Amino acid sequence: MHILLPVDGSPQSLEAVHHAIRLVREGLKAEVLLANVQEPSSLYELVVVHDAQALRRVALEAGEHAVAKAVALLTEAGIEYEIEIASGDPAHMLAEIAECNECDAVIMGAHGEGANKASLGAVAQALLRNSPIPVMIVRPPEVAEVAEVDVAEERADST
């Protein structure tokens, strides 16, 4: 199985890396592709810098920095991986990366900022809607625990 792990360096994306590591340790035979997508340069950056190569280098360095912790986690776990850093609309580019690399699934963190942090971010929502492959959203442990309590309470109320 070829798994795409979108990583931006956030705790939520690293939780997805931890989840993928747990799956591999439990016996899933998987190849991992870490992906980071940098927003495209703004018009202001293009006008001020005047050097497209310099802007690409900055984006590449930012992407490498964003995946550094995920690389350390996978290396420590003894899991082989590849890295792809791209620039553009994150949801669109992640779907394209998954397709070009023949990924079988996406495992990503939930980035929602709702009142209970249970909602999904825009990139996760777009991938869930448009991805031709399965997308697994990994929530932080405290959000998952709250959701389980809510479900248990709803079941108790309905009986």
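The values are calculated or read from the model by the stated rules, or taken from the named source; none is laboratory data. Here the structure is a predicted model, which means the values were calculated and not measured. Ideal geometry is used to build each Cβ from the backbone, glycine not excepted, and the neighbour counts take in all protein chains shown.
Do you know which residues across the stretch 8-31 are buried (at least 22 other Cβ atoms within 10 Å of the Cβ) and more than 17 Å from Leu120 (Cβ to Cβ)? Matches in the stretch 8-31: Val17, Ala20.
Given the structure, is Ala66 in contact with an Asp or Glu (Cβ under 8 Å, 6 or more places away or on another chain), modelled with pLDDT under 95 and hydrophobic (A, V, I, L, M, F, W, C)? Answer is yes for this residue.
A residue that is part of a helix (DSSP H, G or I), at pLDDT 55 or above and surrounded by 14 or more Cβ atoms within 10 Å (Cβ to Cβ) occurs nowhere in the stretch 132-144. Here is a check on your reading of the model: is Ala124 modelled with pLDDT under 95 and over 23 Å from Ala30 (Cβ atoms)? For Ala124, the condition - modelled with pLDDT under 95 and over 23 Å from Ala30 (Cβ atoms) - is not met.
Rundown of residues vs (1) of a type in the set (Gly, Ala, Ser); (2) part of a loop (DSSP other than H, G, I, E, B); (3) at pLDDT 95 or above; (4) within 14 Å of Leu5 (Cα to Cα), yes/no style:
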{"position": "Glu76", "(1), (2), (3), (4)": "no, no, yes, no"}
{"position": "Ile79", "(1), (2), (3), (4)": "no, yes, yes, yes"}
{"position": "Ala91", "(1), (2), (3), (4)": "yes, no, no, yes"}
{"position": "Leu94", "(1), (2), (3), (4)": "no, no, yes, yes"}
{"position": "Ile97", "(1), (2), (3), (4)": "no, no, yes, yes"}
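Condition test on Glu64, is it under 21 Å from Ala30 (Cβ atoms), among the charged types (D, E, K, R) and assigned to a helix (DSSP H, G or I)? Considered against the rule, which asks whether it is under 21 Å from Ala30 (Cβ atoms), among the charged types (D, E, K, R) and assigned to a helix (DSSP H, G or I), Glu64 comes out as no. For the stretch 60-81, a residue qualifies if it is more than 14 Å from the chain's Cα centre (by Cα) and under 22 Å from Leu23 (Cα atoms), and the qualifying residues are Ala72, Leu73, Leu74, Thr75, Glu76, Ala77, Gly78, Ile79, Glu80, Tyr81. For the stretch 21-55, the tally of residues that are at pLDDT 95 or above, in a helix (DSSP H, G or I) and not basic (Lys, Arg) stands at 3.
Would you mind stating whether Val58 is closer than 30 Å to Gly27 by Cβ and part of a helix (DSSP H, G or I)? For Val58, the condition - closer than 30 Å to Gly27 by Cβ and part of a helix (DSSP H, G or I) - is not met. Residue count for the stretch 63-72 under the criterion of being surrounded by fewer than 17 Cβ atoms within 10 Å (Cβ to Cβ) and without any contact (Cβ under 8 Å) to a residue 60 or more places away in the chain: the result is 5.
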